[in-house]
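A.B. asks: Following this message is one structure expressed as structure tokens.
What follows draws every value from the coordinates through simple rules; no lab data is involved. Just so it is clear, the structure is predicted and the values come from calculations on it, not from any experiment. Cβ placement follows ideal geometry from the backbone for every residue including glycine, while neighbour counts extend to all protein chains displayed.
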């Protein structure tokens, strides 16, 4: 009995997990801190070696966006970014006005957030390059543990477009839906704002067109059937009448936002953040 108690004491506490459409070979599905074997699994294996189906030598790209998978920049650099966010979250446990979840467009709010929302305490856990599956992994491995957000802003899916030729756009949309389900499970009382993917590049470009199709694929999922979920569609705010992006709202890469872009985003976001 003593040995069993000691074992329980040293294992990381597991967070509740959704019923994902695939059970991976990952040794530690939830919880923080990471066990030694989980850390080795995340750091030593490139992400493509941890995709759903890889463990049984099957190709299941339609499941990739919906199943938690840690990111990988080489070595432990991605994990260090996650660890830094976990530290920030642990230092801000308890009530917080807004939790910002997403990729580089989210983490780059920076000074623009302070300018447009000076009175709203926010915890920002964006990581550049993240896809829906990476966000799911972070949410299940200490990424938000202990927070009590009044509102959550989720913008994710841009980087999933690199893989839509394999996964399809419907899978990318379901990955966004799964992120919402994960956040709702963890924060049943929070208002969640799901921002559709912003346009990028130019009409006719495969990336641009797949973003548009993925956003359209979100509509049948009826994410806002939950009265505490608001879907924010910014497409018309960031494009001209001919569909081209408004250049002044973007940086030269035609993906990330300029300060003017964040000002437009903030203007649309403000009324949705009027949480009672």
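A.B. asks: Hey, could you check segment 52-74 for residues that are assigned to a loop (DSSP other than H, G, I, E, B) and either under 17 Å from the mean Cα position of the chain (by Cα) or touching a residue at least 40 places away in the same chain (Cβ under 8 Å) (or both) and say which is farthest from residue 138 (Cα to Cα)?
C.D. replies: Taking segment 52-74 and keeping what is assigned to a loop (DSSP other than H, G, I, E, B), we get 52-53, 57-60, 67-74.
So of that shortlist, the ones also either under 17 Å from the mean Cα position of the chain (by Cα) or touching a residue at least 40 places away in the same chain (Cβ under 8 Å) (or both) come out as 67-73.
Working: 67: 12, 68: 8, 69: 9, 70: 7, 71: 9, 72: 12, 73: 15 Å.
Among residues in segment 52-74 that are assigned to a loop (DSSP other than H, G, I, E, B) and either under 17 Å from the mean Cα position of the chain (by Cα) or touching a residue at least 40 places away in the same chain (Cβ under 8 Å) (or both), the one farthest from residue 138 (Cα to Cα) is 73.
A.B. asks: Out of 128, 71, 94, 53, report the one residue that is buried (at least 20 other Cβ atoms within 10 Å of the Cβ) and under 26 Å from residue 181 (Cα atoms). Spell out how you get there, then give the answer.
C.D. replies: Numbers: 128 fails: buried (at least 20 other Cβ atoms within 10 Å of the Cβ); 94 fails: buried (at least 20 other Cβ atoms within 10 Å of the Cβ); 53 fails: buried (at least 20 other Cβ atoms within 10 Å of the Cβ).
Being buried (at least 20 other Cβ atoms within 10 Å of the Cβ) and under 26 Å from residue 181 (Cα atoms) holds for just one of 128, 71, 94, 53, which is 71.
A.B. asks: For segment 131-151, give me each residue that is farther than 15 Å from residue 51 by Cβ and either within 11 Å of the chain's Cα centre (by Cα) or part of a loop (DSSP other than H, G, I, E, B) (or both). Spell out how you get there, then give the answer.
C.D. replies: Let us first name the residues in segment 131-151 that are farther than 15 Å from residue 51 by Cβ, namely 135, 138-151.
Scanning segment 131-151 gives 135, 138, 139, 141, 142, 143, 144, 145, 146.
A.B. asks: Shifting gears a bit: Any idea which residue in segment 252-264 is surrounded by the most Cβ atoms within 10 Å (Cβ to Cβ), counting only those that are without any contact (Cβ under 8 Å) to a residue 60 or more places away in the chain and assigned to a helix (DSSP H, G or I)? Before the answer, list the steps.
C.D. replies: Filtering segment 252-264 down to residues without any contact (Cβ under 8 Å) to a residue 60 or more places away in the chain leaves 252-254, 258, 260-261, 264.
Of the ones still in play, those that are also assigned to a helix (DSSP H, G or I) are 260-261, 264.
Details: 260: 14, 261: 23, 264: 17.
Among residues in segment 252-264 that are without any contact (Cβ under 8 Å) to a residue 60 or more places away in the chain and assigned to a helix (DSSP H, G or I), the one surrounded by the most Cβ atoms within 10 Å (Cβ to Cβ) is 261.
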